[in-house]
Amino acid sequence: MAAPRAEVVIDLDNLRHNVAHLAALAPGAETMAVVKADGYGHGAVEVARAAVEAGATWLGSCSLAEALALRAAGLTVPVLAWLDPPGTDYAPGVEQGVDLAASSVRQLDAIADAATRAGRTARVHLKIDTGLSRNGCQPADWPELVERAARTPNVEVHAIWSHLAVADEVGHPATDAQAERFDDAYRAALAAGLDPRRHLANSAAVLTRPDLHFDLVRPGIAVYGLNPVPVPADLRPVMTFRSSVAMTKRVPAGEAVSYGLTWTAKTDTTLALVPAGYADGVPRALSNRAHVWLGGRRHPLVGRVCMDQVVVDCGDHEVAEGDEVVLFGAGAHGEPTAREWADTVGTIDYEIVTGMYRPRVTRSYVGARR
Ligand SMILES: *Cc1c(COP(=O)(O)O)cnc(C)c1O
């Protein structure tokens with residue numbers, strides 16, 4: 001088999017471990033594994049299957065199309081889809097038993113219309129904006145939304161829900177303020193004659209706010225083994241990004257490397273060419289600022305990251321063409337992590353792993369049960 005050019009390896013054993021751990025942290029709640037954006041770049045269908053095997057009883061997707069793809073792949077557990085543009089036809093979602101979110105009377109009416117056309121009841125989750133000011137119904141408009149939902153035929157309100165803004169900043173008072181508004185919204189829903197379930201917790205709140213677990217928790221990033229809070233948690237990173245040494249060369253002191261000649265060898269040294277670049281998810285901002293794991297140790301990435309390749313300085317260490325190169329992984333042996341990349345370039349590990357969903361990067365799975 002040829003050595004990989006640019007490949008992400010998804011460890012489904014680690015994923016199942018994470019899901020089981022998160023479910024155990026919220027024993028009174030069901031667990032929704034959030035698999036939007038192709039499973040945060042890990043592959044939505046494979047992730048969803050493994051998450052269900054490990055105890056997730058719900059799946060969360062952003063768009064209806066993502067939810068329908070899960071159904072098409074044979075996943076039968078409840079799936080919630082929460083954000084689509086106006087004009088979306090919800091009828092295929094109703095037909096496939098996808099739970100739908102409504103943040104406004106307009107969205108509720110569009111779902112009800114789809115339910116009428118599909119000849120089925122739609123299950124909806126009414127979303128209250130408790131302070132994130134993103135999706136969700138403004139508190140002032142909420143009584144109208146819950147009252148209308150209670151009166152709309154073909155629509156069954158399964159839950160009310162909201163999303164937290166600063167749960168990753170443990171102890172931040174805004175989370176308590178959001179919880180209070182959520183409570184107000186719940187009481188208004190009861191007053192309108194509804195008896196909804198409630199869900200609010202993202203990964204950070206699953207890990208740090210058991211008081212906010214309610215009936216269902218919605219972890220995303222923690223499912224993938226990345227911890228959004230500075231509190232230890234038993235999570236195992238799921239994605240490894242690897243490549244191989246395409247070529248090695250010995251260069252004399254004074255030779256410079258890559259576009260712009262931004263790095264110069266101080267001594268005679270061995271360079272390894274790695275065929276993964278910014279088109280494969282290596283941020284160009286990592287130029288001269290990252291390491292790779294090669295031959296059981298860290299080596300610096302030198303010179304600019306190119307579209308298709310990077311260069312690694314191996315000094316006088318043994319390195320051979322075809323050797324495996326880990327660009328980031330779980331970090332257990334000292335290899336760089338997605339978090340390390342994120343910190344270096346000024347983003348979050350969510351963006352790093354989700355950004356690995358690229359046509360040229362192949363994906364393989366270990367730990368699959370089928
Ligand atoms: C993405 C998302 C989540 C998961 O958030 P994490 O921080 O990844 O745990 C939960 N709920 C909603 C509405 C989301 O959009």
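The values are calculated or read from the model by the stated rules, or taken from the named source; none is laboratory data. Please read all numbers here as calculations on a predicted model, not as lab measurements. As a convention, Cβ positions derive from the backbone with ideal geometry for all residues, glycine included, and neighbour counts pool all protein chains shown. We work out accessible area using only protein heavy atoms, side chains counted, and drop any ligands, DNA or RNA first. Shrake-Rupley method; radii C 1.70, N 1.55, O 1.52, S 1.80 Å.
Of everything in the range 129-143 that's touching a strand residue (DSSP E or B) at 6+ places or on another chain (Cβ under 8 Å) and not in a loop (DSSP other than H, G, I, E, B), which residue is most open to solvent (accessible area, probe 1.4 Å)? That would be PRO139. Screening HIS163, HIS125, HIS158 for residues that are touching a strand residue (DSSP E or B) at 6+ places or on another chain (Cβ under 9 Å), part of a loop (DSSP other than H, G, I, E, B) and either touching a residue at least 24 places away in the same chain (Cβ under 8 Å) or away from the ligand (no atom under 16 Å from the Cβ) (or both) leaves exactly one candidate, HIS163. Read through the list (1) within 13 Å of the ligand (Cβ to nearest atom); (2) small (Gly, Ala, Ser); (3) under 27 Å from ALA118 (Cα atoms), then give the number of the only condition that GLY39 fails. Among (1) within 13 Å of the ligand (Cβ to nearest atom); (2) small (Gly, Ala, Ser); (3) under 27 Å from ALA118 (Cα atoms), the lone unmet condition for GLY39 is (3).
Scanning the range 61-68 for any residue that is open to solvent by less than 10 Å² (accessible area, probe 1.4 Å), within 16 Å of the ligand (Cβ to nearest atom) and touching a Cys at 6+ places or on another chain (Cβ under 8 Å) turns up nothing.
Here's the yes/no breakdown for (1) among the aromatic types (Phe, Trp, Tyr); (2) touching a residue at least 12 places away in the same chain (Cβ under 8 Å):
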| site | (1), (2) |
| --- | --- |
| TYR186 | yes, yes |
| LEU190 | no, no |
| LEU200 | no, yes |
| HIS213 | no, yes |
| GLY260 | no, yes |
| TRP263 | yes, yes |
| ASP280 | no, yes |
| ARG289 | no, yes |
| LEU301 | no, yes |
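Just to check your reading of the model, which residue among ARG181, ARG209, ARG120 is within 22 Å of the chain's Cα centre (by Cα), modelled with pLDDT of 95 or more and not hydroxyl-bearing (Ser, Thr, Tyr)? Residue meeting the stated conditions: ARG209.
The residue that is farthest from ALA24 (Cα to Cα), among those in the range 208-223 that are touching a Gly at 6+ places or on another chain (Cβ under 8 Å) and within 8 Å of the ligand (Cβ to nearest atom), is GLY220.
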